[in-house]
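Everything below concerns the one structure shown next.
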Amino acid sequence: MVLVGPPGAGKGTQADALSARLDIPHISTGELFRAHIGAATELGRKVKKYLDEGHLVPDEITNQMLVERLDDADTVDGFLLDGFPRNVGQADVLSKVLAESDKKLDAVVQLQVDDEVVVGRLLARGRADDNEDVIRNRQRVYRAETAPLLDYYRDILVTVDGVGEVDEITNRVLSALRDRT
Ligand code: AMP
């Protein structure tokens, strides 16, 4: 499955909780990039400026990293993607890669939260890319590039209210997944 939502919707927190409850790995492209940057790999050096500015890392780089991660043995029984896909081109690549191994997404979960809640959460979090200009960029990128995925995935989209206590939201997601027709 895939988790989508604007920056600060709580995707990372929910992805951690859901991955534990569903016993599937949590794959965050943002975390993978930050790990490369932290370890000063060649990939890390290439992508740092995009993260610093709140722009998307080019698709070729992102797709290749993701496809390699999906090759790992721990994904055979399922996985939870957080922060990928972030545009329709990435979604097309994901569909193709999954189809090659006779797999498909079960669900795309949208965490819904309004802009004010989100900016407050992001400023409180204090990550390197959480200053106001960069947050605004990430919100613009979300609206322009990522929001179209909600229509792209309309047949498997599950929308959940992302405001509340962490456990409460996790339970909402799990029960929304169970209630799907
Ligand atoms: P996140 O941890 O999901 O908030 O992502 C942090 C940053 O990593 C984003 O602002 C982008 O610069 C980059 N990033 C993460 N996932 C992607 C992706 N699927 N495509 C392009 N850039 C990404």
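The values are calculated or read from the model by the stated rules, or taken from the named source; none is laboratory data. In this text, all values refer to a predicted model and were calculated from it rather than measured experimentally. Backbone-built Cβ (ideal geometry, glycine too); neighbour counts: all protein chains shown. The protein model used for the area step is the full one, side chains on, heavy atoms only, and it has no ligands, DNA or RNA in it. Shrake-Rupley method; radii C 1.70, N 1.55, O 1.52, S 1.80 Å.
Checking each residue in the range 126-181 for being in a helix (DSSP H, G or I) and β-branched (Val, Ile, Thr) picks out Val134, Ile135, Val141, Thr146, Ile156, Val166, Ile169, Thr170, Val173. Scanning the range 21-57 for residues that are small (Gly, Ala, Ser) and either modelled with pLDDT of 95 or more or more than 15 Å from the chain's Cα centre (by Cα) (or both) yields Ser28, Gly30, Ala35, Gly38, Ala39, Ala40, Gly44.
Being buried (at least 17 other Cβ atoms within 10 Å of the Cβ), farther than 19 Å from Leu94 by Cα, of a type in the set (A, V, I, L, M, F, W, C) and without any contact (Cβ under 8 Å) to a residue 60 or more places away in the chain is a description that does not apply to Val141. One residue alone among Gly78, Gly126, Gly54 is within 14 Å of the ligand (Cβ to nearest atom), at positive phi and surrounded by 13 or more Cβ atoms within 10 Å (Cβ to Cβ), and that residue is Gly54. Apart from one condition, Ala20 fits all of (1) within 14 Å of the ligand (Cβ to nearest atom); (2) in contact with a strand residue (DSSP E or B) (Cβ under 9 Å, 6 or more places away or on another chain); the exception is (1). Can you tell me which residues in the range 80-114 are free of Cβ contacts under 8 Å to residues at least 60 places away in the same chain and in a loop (DSSP other than H, G, I, E, B)? Those that are free of Cβ contacts under 8 Å to residues at least 60 places away in the same chain and in a loop (DSSP other than H, G, I, E, B): Ser101, Asp102, Lys103, Lys104, Asp114. Taken residue by residue, the range 156-174 has at least one member that is among the polar types (S, T, N, Q) and open to solvent by less than 30 Å² (accessible area, probe 1.4 Å).
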